[in-house]
């Protein structure tokens, strides 16, 4: 089950990364978060915590459009299912 959620989260991060209306620094952050989540050398709870913290930073960026912020919140709610 956790693998399914991580795949869904990565799909959401890919959507963020591929959206050209999202600022570049946020798209880059989405790619970095995906790398963190897929790094299986760290425990799952550490990966989820790191990703959630970083997503919170991105959601609070004043330059992110509303649809990008909503997508980040949806991704964070999926991650909370793993916590």
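Some notes on this structure:
- Residue 83 meets each of the listed conditions (1) in a helix (DSSP H, G or I); (2) at pLDDT below 95 apart from (1).
- Listed by first and then second residue, the pairs with beta-carbon distance under 7 Å, at least 6 apart or on different chains, first residue in region 28-47 and without any contact (Cβ under 8 Å) to a residue 12 or more places away in the chain, second outside any loop (DSSP other than H, G, I, E, B) and surrounded by 13 or more Cβ atoms within 10 Å (Cβ to Cβ), are 39/47; 47/36; 47/37.
The values are calculated or read from the model by the stated rules, or taken from the named source; none is laboratory data. Given the structure is predicted, the values throughout are model-derived calculations rather than measurements. Cβ sites come from the backbone with ideal geometry, for glycine too, and all protein chains shown count toward neighbours.
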